[in-house]
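Okay, so here's the structure we're looking at.
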Amino acid sequence: MNCKVITNVIIFTVNATDRIIKNGTVVIENGIIKSVGHKEEVSIPLYADEIIDGKNKMALLPGFVDTHNHSSLIKGVAENKKLIEWLPEYDLEHRTCTEEDTYHASRLCYLECLKNGTTTIMDMYRFMHRSAEAAGELGIRLHLAPYAADVLPYTFFESTGSNEEAIKTLHMSQNGRIRVWAGLEDLFYCSQPMYENAVRMQKEYGVGIHTHGCEQMEEEQTVIRKFGKSTIDVLGQRGLLGKKTLLAHCVWINEGDMKKMADTGTSLAHCPVSAAKLGCGIARTPLMKSMGVNVSLGTDGPIDNNSMDLFQEMKFASLIQKATHCDALVFGAKEMLRMATINGARSLNMEDEIGSIETGKSADLILVDCFRPNLQPIYWEGDETNLLWNMVFSAHGSNVDTVLVQGEILLRNGKSTKVDEAKVITEAQKQGIDWMKRRKLHEQEILRPIE
């Protein structure tokens, strides 16, 4: 039996009562949380293989869940562009993408995610067997949504066939760390038969469906002109809405659309930094949440976010709503931490396995070093602490010290235990330079979407 103990830590359980344990201990056996509680309540087994002593300087949190990401080696390139201008640049990336590009992009992005405390990623990309390979090297938990499209001229993306093959060969591989979804680009890139096939695969294999909701106002207006109804209505008509469907963005949806998402159990991957950076607007997530929509957080990847730090995403998601509503009470720290953890787990249909620190769940955990200037001093009033607020509004990825997935330590003292980080970065740099050269050759062939 493999047994690890984490003790003398502040535990943010993110359970049903958001319990915070001042001086806690967690016992992990064979990758599963066996017990959690105050230090004096939890016995440390004599057979423990390793005891991690936080020395009352560490906080233990559930691993973060990034529910919408696009791996890439293109960062800081397609800048100062509206979404309608940015999309052709992004399409150019996929027109020139190779399997080797995918491997190095995935490996670099997943390393960045791990170092920022993300233990589970929903990645929508190309040649995703290579993404699974990269995830296997790093040990991270990965949900794959092959980037599929079939409307001319966008047939250079993945196909229904390659998506189904990924489901057959990769789903639940690597001890369940790899899971495959039916992935769809959007209504302008995918035909109705492709949506029908996604629904078929969902029913046949029991997998989820992941696609983009309306991100920009002009996009939604064009959908209404072309289809005679809103994006959410079209998706509902095509059978996509439901508990096993995760929609990204949904910046421009009306209250009727929100109710349909809530009533069907359709989850949202909210990407506030990406939406702001591309000038798309601000999703009305407080209203969605009040109507019963499960709202989680996504970074949207490096090309349009430039960062995959969910600490940053939590803070921005809160502040942009406080500013928009002129209401300091909107989206407090507890809500934001839940969005980054248990809500993300629910978006991926994994709320019974990950997302909180509770007995019987997988030990997908992060240790945050609180003995840093940005998180000090720490105060307590009974069971409440200012550290909760500082976790959301002061912490950043560099505070992450240790990361575990299924009880396996993937990051120790801020460094990967599985890969040579310098090698990953050096090889990604070389591949990225080569990719940029190949992209340059096609710059005169820019495609114009949403017409």
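We did not get these values from a lab; they are worked out from the coordinates using the rules stated. Worth saying up front: this structure is predicted, and the values here are computed from it rather than measured. We place every Cβ from the backbone using ideal geometry, glycine too, and count neighbours over all the protein chains shown.
Which shape class applies to the stretch 57-183: rounded if a/c is under 1.5, otherwise prolate when a/b exceeds b/c and oblate if not, where a ≥ b ≥ c are the square roots of the Cα gyration tensor eigenvalues? Note, shape of the stretch 57-183 comes out oblate. Need one word for the stretch 259-407: rounded, prolate or oblate. Basis is the Cα gyration tensor (sqrt eigenvalues a ≥ b ≥ c); a/c below 1.5 gives rounded, then a/b vs b/c decides. It is rounded, given that a/c, with a ≥ b ≥ c, falls under 1.5.
Relative to the longest principal axis of the Cα atoms of the chain, the long axis of helix 128-138 makes an angle of roughly 20 degrees.
Taking the centroid of alpha carbons for each part, the stretch 105-172 and the stretch 1-58 are 32 Å apart. Counting only lysines at least 8 places from K168 when in the same chain, those with an alpha carbon closer than 20 Å to its own are K203, K244.
Look at where the Cα atoms of the stretch 197-224 and of the stretch 292-309 average out, and the two centres are 17 Å apart.
Using the Karplus relation 6.51 cos²θ - 1.76 cosθ + 1.60 with θ = phi - 60°, the per-residue 3J(HN,Hα) values for the stretch 413-419 come to 6, x, 10, 4, 8, 10, 10 Hz, with x marking Gly and Pro. Coupling constants for the stretch 268-277 follow from the phi torsions by the Karplus curve (6.51 cos²θ - 1.76 cosθ + 1.60, θ = phi - 60°), and in residue order they are 10, 9, 8, 10, x, 5, 4, 4, 5, 5 Hz; glycine and proline get x. For the peptides 382-394, 416-428, 278-290, the ranking by packing is 278-290, 382-394, 416-428, with the highest mean count of neighbouring Cβ atoms within 10 Å listed first.
Note on K229: lysines with a C-alpha under 19 Å away, same-chain residues under 8 apart excluded, are K259, K260. Database remark: amide H of T299 closer than 5 angstrom to the amide H of T67, H68 (H placed geometrically; neighbours at sequence offset of 5 or more, or on other chains; Pro and chain starts carry no H). Annotation: amide H of A363 within the under-5 Å range of I32, I33, Q406, G407, sequence separation 5 or more or interchain, hydrogens built in the peptide plane.
The length gained by stretching the chain between V77 and Q429 to full extension, at 0.36 nm per residue less their Cα-Cα distance, is 125.3 nm. Helix content alone sets the calculated 222 nm mean residue ellipticity of the chain: runs of n ≥ 4 DSSP H residues at -39500 (n - 2.57) each, divided across all residues, give -11000 deg cm²/dmol. Between 0 and 90 degrees, the angle of helix 83-95 with respect to the longest Cα principal axis of the chain falls at about 90 degrees. In the structure shown, the pairs K277/K315; K82/K243; K82/K315; K22/K334; K75/K322 are assessed against 26 Å; a Cα-Cα span above that value is assigned to K82/K243; K75/K322. Other residues whose C-beta falls under 14 angstrom from the C-beta of E427 contribute a net charge of -3, scoring Lys and Arg +1 and Asp and Glu -1.
In the neighborhood of N2, defined by Cβ-to-Cβ distances under 12 Å, what is the net charge if each Lys or Arg adds +1 and each Asp or Glu adds -1?
-2
Once the Cα atoms are used to define both axes, helix 160-170 deviates from the longest principal axis of the chain by about 20 degrees. DSSP assigns beta bridges within the stretch 64-347; of those with both partners inside it, close to 5 percent run antiparallel.
Is the stretch 64-347 rounded, prolate or oblate when judged by the Cα gyration tensor, a ≥ b ≥ c being the square roots of its eigenvalues, rounded requiring a/c under 1.5 and prolate requiring a/b larger than b/c? Here the stretch 64-347 falls in the rounded category.
Among the aspartates and glutamates, which fall within straight-line cross-link reach of K430, defined as a Cα-Cα distance under 20 Å, with same-chain neighbours fewer than 8 residues apart omitted? The qualifying aspartates and glutamates are E93, E99, E100, D101, E112, E133, E137, D420, E421. Each Lys or Arg adds one and each Asp or Glu subtracts one; over the other residues with Cβ under 13 Å from the Cβ of A198, this totals -3.
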